[in-house]
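Asker: First the structure, which I've put down as structure tokens, then a few questions once you've had a look.
The values are calculated or read from the model by the stated rules, or taken from the named source; none is laboratory data. For clarity, every value in this text was computed on a predicted model and none was experimentally measured. Neighbour counts run over all protein chains shown; Cβ positions are idealised from the backbone, glycine included.
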Amino acid sequence: MAPRTLKIAAAQMGPVHLTSKRPETLSRMITLLQSASSLGAQLVLFPETAFTTFFPRHLIPSQELDTYFEHSDNLPDAENTKPLFDEAKKLGIDISVGFAERAEDGKGYNTSVYFSAKKGEVIAKYRKVHLPGTKEPFENPDAVNQLEKRYFEPGNLGFQAFRAPDLVEGAVKKGNGVEAALGKGDPVMGMMICNDRRWVEGWRIYGMQGVEVVLCGYNTAGFAPDLWGTRKVMTPEEAEKDAVFHHKLVMQGNSYMNSCFSVSAAKAGLEDGKYDLIGGSCITSPEGHVLAEAKGKGDEIVFAELDLEDCRQGKEKTFDFDRHRRIDQYGPITQQTGVVEPDLLE
Ligand code: CDV
């Protein structure tokens, strides 16, 4: 059987401002795609809300809000997004990209899609489940707001893993028997968006579907004490270092605990002239190691060649779910949302 290798890239983007024009942003994204193509990438991940500034930090007048959302469920053909998909098709590279979605029923979602270049269509969609922040702006006028709960509904599509077609030669297809096909079919992928990466629940649900690569685009503020808390007073530099540490910690830890690769792509740098977003886009291995990472905070390709066979060791030994998970002990995970402490002592 041919090795199940996959050349993959995170397309980290520098800032996209409130004033940025869409053709200019698309042209940057296409340049990133072309750089990834020159390295032989088969799949490129773009950040969360890649086409616009991270607008949930602003209180946007309702009559302007729609300019930040994509209105069509058909991104590859919509005027504002088509050039990126056309280029992906031309180069034969799959892409996953995040955007603000206005659904048919008028609801907003923080969404990402997976576009298969060979199929020429979107084959999977994910809507962000864990929306951080608040509905109303913080009282502190200098606070960095995170108004995702104002603009988006929590995702309602679950954590649905899917197989990406036409990336791996000789992938076992339907009909060969499930046992024989374990870890030998087309790559099993999962998408999550930014804050989702901090929550083990989504990772585990993907892990339980045998996920091999998790894709996660993000916009993470470098300094947001009103959001994160002020117990430890930090300078903006210390806070940003901590934010990058937490980002890598969850990507590495959850990749290890679910025996999968992960790819994360940041929108980074000073957006709208003053809001700092961390970089740190990286690719991690099923053993939890960082294989490649961004050097700066601008437009940059982070590239690695993955051997999907590397997922098997964890899946068959330490994290062989079938042998070691104890679901009779995990009830509270789905029966309880908040914290219930043990009774107080006498
Ligand atoms: N866009 C995000 O989801 N941002 C969040 C918050 C907490 C800054 C994040 O988890 O990075």
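Asker: Cβ-Cβ under 6 Å, sequence separation 6+ or interchain: first residue in segment 225-239 and free of Cβ contacts under 8 Å to residues at least 40 places away in the same chain, partner hydrophobic (A, V, I, L, M, F, W, C) and assigned to a loop (DSSP other than H, G, I, E, B). Which pairs?
Answerer: Within 6 Å, the pairs are A239/F223.
Asker: Is it the case, given these coordinates, that S72 is without any contact (Cβ under 8 Å) to a residue 24 or more places away in the chain and away from the ligand (no atom under 16 Å from the Cβ)?
Answerer: So S72 passes the test.
Asker: Being of a type outside the set (D, E) and in contact with a Gly (Cβ under 8 Å, 6 or more places away or on another chain) is the requirement here; does A181 meet it?
Answerer: no
Asker: Continuing with the same structure: For segment 137-152, enumerate the residues that are in contact (Cβ under 8 Å) with a residue 40 or more places away in the chain and either surrounded by fewer than 21 Cβ atoms within 10 Å (Cβ to Cβ) or in a loop (DSSP other than H, G, I, E, B) (or both).
Answerer: Once the filter is applied, which keeps residues that are in contact (Cβ under 8 Å) with a residue 40 or more places away in the chain and either surrounded by fewer than 21 Cβ atoms within 10 Å (Cβ to Cβ) or in a loop (DSSP other than H, G, I, E, B) (or both), segment 137-152 yields P137, F138, N140, A143, V144, N145, Q146, L147, R150, Y151, F152.
Asker: If I ask for residues that are away from the ligand (no atom under 16 Å from the Cβ), touching a residue at least 24 places away in the same chain (Cβ under 8 Å) and within 21 Å of Y151 (Cα to Cα), which ones from segment 82-130 would you list?
Answerer: Selection gives R102, A103, E104, K107, V113, K125.
Asker: Here's something else I'd like to know. V44: more than 16 Å from the ligand (Cβ to nearest atom) and either within 20 Å of V302 (Cα to Cα) or touching a strand residue (DSSP E or B) at 6+ places or on another chain (Cβ under 6 Å) (or both), yes or no?
Answerer: Taking the combined requirement at face value, the residue satisfies it.
Asker: Read through the list (1) at pLDDT below 95; (2) crowded, with 16+ Cβ neighbours inside 10 Å, then give the number of the only condition that K232 fails.
Answerer: Checking K232 against (1) at pLDDT below 95; (2) crowded, with 16+ Cβ neighbours inside 10 Å, the one that fails is (2).
Asker: Right, here's the next one. Going through segment 175-196 one residue at a time, which ones are touching a Phe, Trp or Tyr at 6+ places or on another chain (Cβ under 8 Å) and more than 16 Å from the ligand (Cβ to nearest atom)?
Answerer: Those that are touching a Phe, Trp or Tyr at 6+ places or on another chain (Cβ under 8 Å) and more than 16 Å from the ligand (Cβ to nearest atom): V188, M189, G190.
Asker: Only one of G155, G190 is assigned to a loop (DSSP other than H, G, I, E, B) and in contact with a strand residue (DSSP E or B) (Cβ under 6 Å, 6 or more places away or on another chain). Can you tell me which?
Answerer: Of the residues listed, the single one that is assigned to a loop (DSSP other than H, G, I, E, B) and in contact with a strand residue (DSSP E or B) (Cβ under 6 Å, 6 or more places away or on another chain) is G155.
Asker: Let me ask something else. Please work out which residue is surrounded by the fewest Cβ atoms within 10 Å (Cβ to Cβ), limiting yourself to segment 197-223 and to residues that are within 15 Å of the ligand (Cβ to nearest atom) and part of a helix (DSSP H, G or I).
Answerer: Among those residues, the one meeting the criterion is E201.
Asker: From (1) at pLDDT below 95; (2) surrounded by 18 or more Cβ atoms within 10 Å (Cβ to Cβ); (3) not in a loop (DSSP other than H, G, I, E, B), pick out the condition that doesn't hold for A171.
Answerer: Evaluating A171 over (1) at pLDDT below 95; (2) surrounded by 18 or more Cβ atoms within 10 Å (Cβ to Cβ); (3) not in a loop (DSSP other than H, G, I, E, B) leaves (3) as the failure.
Asker: Filter segment 125-136 down to residues that are in a loop (DSSP other than H, G, I, E, B) and out of contact with any Gly (no Cβ under 9 Å at 6 or more places or on another chain), then give me how many there are.
Answerer: Final tally of qualifying residues: 5.
Asker: For segment 271-297, how many residues are closer than 15 Å to G253 by Cα, charged (D, E, K, R) and outside any loop (DSSP other than H, G, I, E, B)?
Answerer: Qualifying residue count for the region: 0.
Asker: So which residues in segment 5-21 are of a type in the set (G, A, S) and in contact with a Gly (Cβ under 8 Å, 6 or more places away or on another chain)?
Answerer: Selection gives G14 alone.
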